[in-house]
1. What is the number of the single condition among (1) more than 11 Å from chain A (Cβ to nearest Cβ); (2) touching a strand residue (DSSP E or B) at 6+ places or on another chain (Cβ under 7 Å); (3) of a type in the set (A, V, I, L, M) that B:I43 does not meet?
2. Please give the number of the condition B:N334 fails out of (1) modelled with pLDDT under 95; (2) not in a loop (DSSP other than H, G, I, E, B).
3. Go over the candidates B:G187, B:G154 one by one and state the one that is farther than 20 Å from B:A308 by Cβ, outside the structural domain of B:S98 (by TED's automatic domain parsing) and surrounded by fewer than 15 Cβ atoms within 10 Å (Cβ to Cβ).
4. Output the residues belonging to segment B:305-334 that are surrounded by fewer than 20 Cβ atoms within 10 Å (Cβ to Cβ), at the interface with chain A (Cβ under 7 Å from one of its Cβ atoms), out of contact with any Pro (no Cβ under 9 Å at 6 or more places or on another chain) and among the polar types (S, T, N, Q).
5. Could you please find all residues in segment B:288-332 being among the hydrophobic types (A, V, I, L, M, F, W, C), over 19 Å from the mean Cα position of the chain (by Cα) and farther than 18 Å from B:E201 by Cα?
6. Where in segment A:208-279 are there helices (runs of 4 or more DSSP H), lying wholly inside it, with at least 1 residues that are aliphatic (A, V, I, L, M) and buried (at least 18 other Cβ atoms within 10 Å of the Cβ)?
7. From B:L313, B:L292, B:L264, B:L325, which residue is within 30 Å of A:S278 (Cβ to Cβ) and modelled with pLDDT of 95 or more?
8. Any residue at all in segment A:194-203 that is more than 30 Å from A:K244 (Cβ to Cβ), in a loop (DSSP other than H, G, I, E, B), modelled with pLDDT of 95 or more and over 24 Å from the mean Cα position of the chain (by Cα)?
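The values are calculated or read from the model by the stated rules, or taken from the named source; none is laboratory data. Fair warning: this is a prediction, and the values are worked out from it, not measured in the lab. Please note: Cβ atoms are built from the backbone with ideal geometry, for glycine as well, and neighbour counts cover all protein chains shown.
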Protein chains: 2
Amino acid sequence: MFKLRSLVTALALVGSISVASAWEALPTQAPEPADNSSSPEKIELGKMLYHDPRLSSTGTVSCASCHNTMLGGEDNRSFSMGVGAQLGGRSAPTVWNSAFNKVQFWDGRAASLEEQAAGPVTSPVEMGMKNWDEVTTRLKGIKGYEVAFKEVYGENSITKENATKAIAAYERTLITPNSPYDKFVTGDKSALSAQQIRGMEKVAELGCTSCHSGAAFNGAGTFQKFPVNADGFLEAKYHFTKDKGVAEVSKKSQDEHFFKVPTLRNIALTAPYFHNGSVATLDEAVKVMAKLQLNKELSKEETADIVAFLNGLTGEFPKQTMPRLPETSGKTTN
Amino acid sequence: MFKLRSLVTALALVGSISVASAWEALPTQAPEPADNSSSPEKIELGKMLYHDPRLSSTGTVSCASCHNTMLGGEDNRSFSMGVGAQLGGRSAPTVWNSAFNKVQFWDGRAASLEEQAAGPVTSPVEMGMKNWDEVTTRLKGIKGYEVAFKEVYGENSITKENATKAIAAYERTLITPNSPYDKFVTGDKSALSAQQIRGMEKVAELGCTSCHSGAAFNGAGTFQKFPVNADGFLEAKYHFTKDKGVAEVSKKSQDEHFFKVPTLRNIALTAPYFHNGSVATLDEAVKVMAKLQLNKELSKEETADIVAFLNGLTGEFPKQTMPRLPETSGKTTN
């Protein structure tokens, strides 16, 4: 299942940012699968479903509760909180630019946004619905959804597949282009400060981008081992290895501690860090990564430069209208 | 504390809807207090604060969690769910048109939207912040709030008073005019169906509007006893008298079971009903009200007519842009 990335491009990056072609700006459009072409109506329906807490057993948790579209696309918590204030086992990844992940979830167990969208709704600790039949039954009880689904998919079309397709279509619009970094690599050399450029060079030199590669700095769907290097002090502090990553799903020892490479886009907005949200600041996250993945101790200045560069990966968030969620029509949904 | 409403206007309503002046359309602007004049910047700041879950101890509950602006201004739950999945003791009133309530909360314990906004944030079962110092400290740690408050109130202006004023200014924009009812009473006689007009006449004839009076059908800040008539069957079923209403605050026996008259605006969207959210459907709510307040048994047709009329009180919801919440800047807020 792993597309362990060739080091060729990564090595080409090392040394100099003059290899301009290695630095890619974020596309403003995400690729869509052949069986889920987008339309404004589908996106709007997806936006409604994404923000509707009635997709949870208690009517209090929507996709947006943990993947907040008004913020950095997650919840700034170590572990997300689902129905009944239950804690999930991992830190919520950002929904922004998730369209550029080839696989979804920290362990990459969903091959698409569509597949991902189906998961949390019926997770007992996330949205707590018994199954998708319960979800579609509830949606069918809300007249406005009947109308909205009909407009996109035709008569009697409230199904799990159509719901998750709409949510995925909406998520593909959640792109944050035009970060200072993007402006810089597309020609505006004043878009990054001298410190940020130093950080950018350091990131390439250290080899951060050998994993965090591509326009979304997410390795385009690759998995990597984390941590690579054992460190008793950091392990005692942050318990990184408690979570076996991909192996939690595959049950194979060779998958232990492998994780999908997370995007660095908008990283300044998504504290706390790592799969278990154990690191509170970006400074510390950078130092931890250097130590555990590259066995390097960064100086204070190097860390500050890299953090400055990472701050330059904060993009422009599209203005969105708030969806109007269809009414429950004079009776309680749940 | 009670402005028990004179029955004169109410009696004038009884009998005929030809007393056209008694039926008022909803104003499109809410009155604002002299010490909290509005501005676009203040409204935007209020919208941000209103939707920011970081105003709760867990970072998971915002004002909008229980008073959902994408829905009917509440949560369609019997009791709202705060931090740690704790249940409040009353059903969340709608935020839509709350600007037209003279007092706030079911027991009217807040004299203004400003005062109301301060409450849930530090309620242990709602948003769970220890006190407002904790809130303002957290807001001061978010650079974007520093900037937004400065723009509205000047330097170093992150205070409880300024935060609640901004929230109230935003809430005053949450108005839903142009319901079929509003169109009808301002001259479009086709806006209500024949059944809805029958329901409207019945509402006046029965005297519903003697309490649910005024443009917002909320008695303009009056309190009324509920239930007026004892009914063993309904009490056993719905436990209405468990909550002593105003007396829970005042501790005075004469205040027992008095509640602020809630608005009927958008009532079709805000199931379940009553202070304890014990009644799941609007049909049943209408029958219960007739029985307990007026000692009348409504026929199936009368009930259906009234429900049809109440559905005509669903207004037009303003299109809103989603607020961008200021980032936590590379570190965890809580």
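1. (2)
2. (2)
3. Every option except B:G187 fails the conditions.
4. If the condition is that a residue be surrounded by fewer than 20 Cβ atoms within 10 Å (Cβ to Cβ), at the interface with chain A (Cβ under 7 Å from one of its Cβ atoms), out of contact with any Pro (no Cβ under 9 Å at 6 or more places or on another chain) and among the polar types (S, T, N, Q), then B:Q320, B:T321, B:S329, B:T333 are the ones that fit.
5. Hits for segment B:288-332 are B:V288, B:L292, B:M322, B:L325.
6. Per the criteria, A:232-238, A:246-250.
7. Criteria check complete, one pass: B:L325.
8. no
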